[in-house]
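**Student:** Sharing a structure here in structure tokens format.
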Amino acid sequence: MRKVLNWFSTALTVFLMVIVIVLAVIVVAAKASGGEPTILGYQLKSVLSGSMEPTFQTGAVIAVKPLEQDEKQSLQKQDIITFQSEEGIPVTHRIHNVIHSGVHTMYETKGDNNNTIDKDLVLSDNVTAKYTGFTIPYAGYFTQFAQSREGSALLLIVPGVFLLIYALFLIITGLKSIQNQQ
């Protein structure tokens with residue numbers, strides 16, 4: 001029985017430490033990258049609208065791969081791209097048509113759930129990334145919360161408090177064990 005308790009105690013400690021470290025990395029990565037964490041060269045973006053449903057749902061997190069300049073002009077119809085809109089807002093839509101005009105390449109885009117094609121053409125220079133096919137449903141709600149000031153504090157403090165309480169429990173248990181042996 002004592003071996004099982006020791007094993008459980010060790011597993012719980014490691015689990016809590018891993019949670020604290022992972023949450024700290026997510027929060028710091030989100031803050032350092034200006035709101036969108038980058039992991040292994042892929043940007044994680046929260047889906048804020050339903051324009052691309054059913055490909056990905058509102059509240060999902062998608063992984064996009066940032067593109068080099070030469071890759072931006074070789075995209076094809078049906079590729080899903082992230083680009084800067086005229087207002088400077090990042091948008092992720094599907095390429096509906098590729099238009100070559102002299103040295104410029106432009107893309108006609110459309111959200112899968114939208115009835116019409118986007119009103120503005122996207123210049124290849126405004127394309128920032130390409131969708132990789134990786135989606136985590138509902139995780140966007142978590143990342144939006146984690147990026148807020150309250151969320152950052154809560155996600156770092158709560159696991160830390162649990163770890164401290166557990167450490168106090170282990171110290172008290174150890175002291176009682178030493179007193180019982182005397």
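Only the coordinates and a few stated rules stand behind these numbers; no lab work does. Keep in mind that what you see is a predicted model, and the values were worked out from it rather than measured. No Cβ is skipped: glycine too gets one built from the backbone with ideal geometry, and neighbour counts run over all protein chains shown.
**Student:** For the chain, the longest stretch holding no GluC sites (Glu not before Pro) located in a DSSP loop with at most 14 other Cβ atoms within 10 Å is which?
**Tutor:** Longest run free of exposed loop sites: 88-182.
**Student:** With each label point set 7 Å from Cα along the Cα-Cβ vector, what nm distance links Leu40 and Asn114?
**Tutor:** Roughly 3.2 nm, to one decimal.
**Student:** Hey, another quick one. Which of Ser177, Val61, Thr135 sits farthest toward the positive end of the charge dipole of segment 41-182, with +1 on the Cβ of Lys and Arg and -1 on the Cβ of Asp and Glu?
**Tutor:** About the Cα centre, the residue reaching furthest to the positive side is Ser177.
**Student:** Assigning unit charges at the beta carbon (Lys, Arg +1; Asp, Glu -1) and nothing else, what dipole magnitude in debye, to the nearest 20, does segment 71-182 show about its Cα centre? Walk me through the numbers on the way to the answer.
**Tutor:** Working: 8 positive and 10 negative charges, 106 e Å.
For segment 71-182, the charge dipole is close to 500 debye.
**Student:** Have a look at Gln69, Gln84, Gln144 and tell me which one the Gaussian network model of the chain (Cα, springs below 10 Å) gives the largest fluctuation.
**Tutor:** Greatest mean-square fluctuation among the candidates belongs to Gln69.
**Student:** Which of these, Ser148, Ser51, Ser101, has the largest mean-square fluctuation under a Gaussian network model of the chain (Cα springs below 10 Å)?
**Tutor:** The residue that fluctuates most here is Ser101.
**Student:** Right, another one. Under 5 Å between amide hydrogens, which residues at least 5 positions from Tyr42 or on another chain qualify, with H placed 1.01 Å from N in the peptide plane?
**Tutor:** none
**Student:** I need the P(r) histogram for the chain: all alpha carbon pairs, bin width 10 Å from 0 out to the longest distance, whole percents.
**Tutor:** 9, 28, 24, 15, 11, 7, 4, 2, 0
**Student:** When each pair of different Cα atoms in segment 30-130 is counted once in the 1/r mean, what is the Kirkwood radius in angstroms, to one decimal? Please list the in-between numbers first.
**Tutor:** Values: mean 1/r = 0.0716 Å⁻¹.
So the Kirkwood estimate lands at 14.0 Å.
**Student:** For labels at Val25 and Leu123 in the simple 7 Å Cα→Cβ model, what's the distance in nm?
**Tutor:** About 3.9 nm, to one decimal.
**Student:** Further question on the same structure: Could you size up the charge dipole of segment 111-166 around its Cα centre, putting +1 on the beta carbon of Lys and Arg and -1 on that of Asp and Glu, and report it in debye to the nearest 20?
**Tutor:** Computed charge dipole of segment 111-166: roughly 200 debye.
**Student:** Can you run phi through the Karplus equation (6.51, -1.76, 1.60; θ = phi - 60°) for segment 90-103 and list ³J(HN,Hα) in whole Hz, with x for Gly and Pro?
**Tutor:** x, 10, 10, 9, 8, 6, 9, 7, 10, 10, 9, 9, x, 8
**Student:** Within the chain, which whole H helices from DSSP have a Cα span along their axis of at least 27 Å and a mean Kyte-Doolittle hydropathy of 0.5 or more, if any?
**Tutor:** Correct list, ordered by number: 2-32, 149-181.
**Student:** Pick from Lys65, Lys119, Lys77: which is most flexible by mean-square fluctuation in a GNM of the chain where alpha carbon atoms under 10 Å apart are linked?
**Tutor:** Maximum among the listed residues: Lys119.
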